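Q: I have a structure I would like to understand better, so I am pasting it below and will then ask my questions one at a time.
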Amino acid sequence: MSTLEAVIIAIIEGLTEFIPISSTGHMVIASSIMGINEDEFTKLFEVAIQLGAILAVVVLYWKKFFDFGKWQFYLKLLFGVMPALIMGYLFSDQIDLWLESPLIVGISLLLGGFVLLFVDKWFRNPTITSDEQMDYFRAIRIGLFQCIALIPGVSRSAATIIGGMQQKLTRHAAAEFSFFLAVPTMAAATGYKLLKHHEILTSSPDNIRLLLIGNVVAFIVAMLAIKFFIGTLQKFGFKMWGYYRIIVGIIIIATIYLHR
């Protein structure tokens, strides 16, 4: 992986991590186009640069994360993250295999796009405007939705926001809780991946340098992307992202079959 390739993938991660179009799916496609998708460091890099993206959430919402008097917030995150951690651990090998399949990404993007076209109509009468009004059972149910995002191309953001709206949260509240839930989820996934494959990271000084660059780029881009997404979500809802996913999914699937 070159420095330019690392920057490109990090930009994609920062742009797409918190938008319901699947960061993993876009990184898999980008690395496939650049011909580095089978490299073991690339697979590690695509997970590890999530640290930069989640740091953007912590910085933007620092008052929320460092208000230690409201311990219920941390408990809700704990309940919300447990289903994905358990499923991710149990099926980690299968998930790694799925990550190598652009076809799975294309199908997931396509199907998820159709779902996003109708989400705003399905959940019209929200009653919860902030995570403080949520109970722990709602946090667990949203966490169960997050498990669906273990399939590449589904989008963790889309799954958790839809899960939040299904649990009567407003679009804004569901999006924010999705951001909050990303922090422990992605931190755990990154930590597990680094521990499991630490020898890949330390096999070359260049790998550590590229990972540092990737996290810095992902952090900066994610800061901008979060603000942009919240603004467009309030004004336009999910339809624009649904159409985008459908178009990209069709292009990916058609490209795969045309080159067989």
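Only the coordinates and a few stated rules stand behind these numbers; no lab work does. Remember, predicted model here, so these are calculated numbers, not experimental data. Note that we place each Cβ from the backbone using ideal geometry, even for glycine, and neighbour counts take in every protein chain shown.
Q: List the GluC sites (Glu not before Pro) in region 1-83 that DSSP assigns to loop (not H, G, I, E or B) and whose Cβ has at most 11 other Cβ atoms within 10 Å. Which are they?
A: GLU38
Q: Which of the lysines could a cross-linker span from LYS63 if the Cα-Cα distance has to be under 26 Å and same-chain partners fewer than 8 positions apart are dropped?
A: List returned: LYS76, LYS168, LYS227, LYS235.
Q: What shape does region 114-260 have by the C-alpha gyration tensor, where a ≥ b ≥ c are the square roots of the eigenvalues, rounded means a/c under 1.5, and otherwise prolate means a/b greater than b/c and oblate the rest?
A: Note, shape of region 114-260 comes out oblate.
Q: Straight-line reach from LYS196: which lysines have Cα under 23 Å away, leaving out those fewer than 8 places along the same chain?
A: The qualifying lysines are LYS43.
Q: Counting C-alpha atoms alone, how compact is region 1-110: give Rg to one decimal and Dmax as a whole number, in angstrom.
A: 16.0, 49
Q: Follow-up. Where does the longest stretch of the chain lie that holds no chymotrypsin sites (Phe, Trp or Tyr not before Pro) found in a DSSP loop with 12 or fewer other Cβ atoms within 10 Å?
A: 69-260
Q: Could I ask something else about it? For region 163-207 and region 39-89, what is the separation of their C-alpha centers, rounded to whole Å?
A: 5 Å
Q: Using helices alone, I'd like the mean residue ellipticity at 222 nm for the chain: each DSSP H run of four-plus residues gives -39500 (n - 2.57), total over residue count, nearest 500.
A: On the way: 14 runs with 204 residues, N = 260.
Calculated at 222 nm, the ellipticity per residue is -25500 deg cm²/dmol.
Q: When Lys and Arg each count +1 and Asp and Glu each count -1, what net charge do the other residues less than 12 Å away from VAL221, Cβ to Cβ, add up to?
A: Cβ neighbours under 12 Å give a net charge of -1.
Q: Right, something else. Where a ≥ b ≥ c are the square roots of the eigenvalues of the C-alpha gyration tensor, would you call the chain rounded, which needs a/c under 1.5, or, failing that, prolate if a/b is larger than b/c, or oblate?
A: oblate
Q: Related question: Among HIS172, VAL183, VAL248, whose Cα lies farthest out toward the positive end of the dipole of the chain, if unit charges sit on the beta carbon of Lys, Arg (+1) and Asp, Glu (-1)?
A: HIS172
Q: Sum up the charges of everything whose Cβ sits under 14 Å from the Cβ of PHE79, counting Lys and Arg as +1 and Asp and Glu as -1, but leave PHE79 out.
A: +1
Q: Still on this model: Taking a ≥ b ≥ c as the square roots of the eigenvalues of the Cα gyration tensor of region 62-133, is the shape rounded (a/c under 1.5), prolate (a/b larger than b/c) or oblate?
A: oblate
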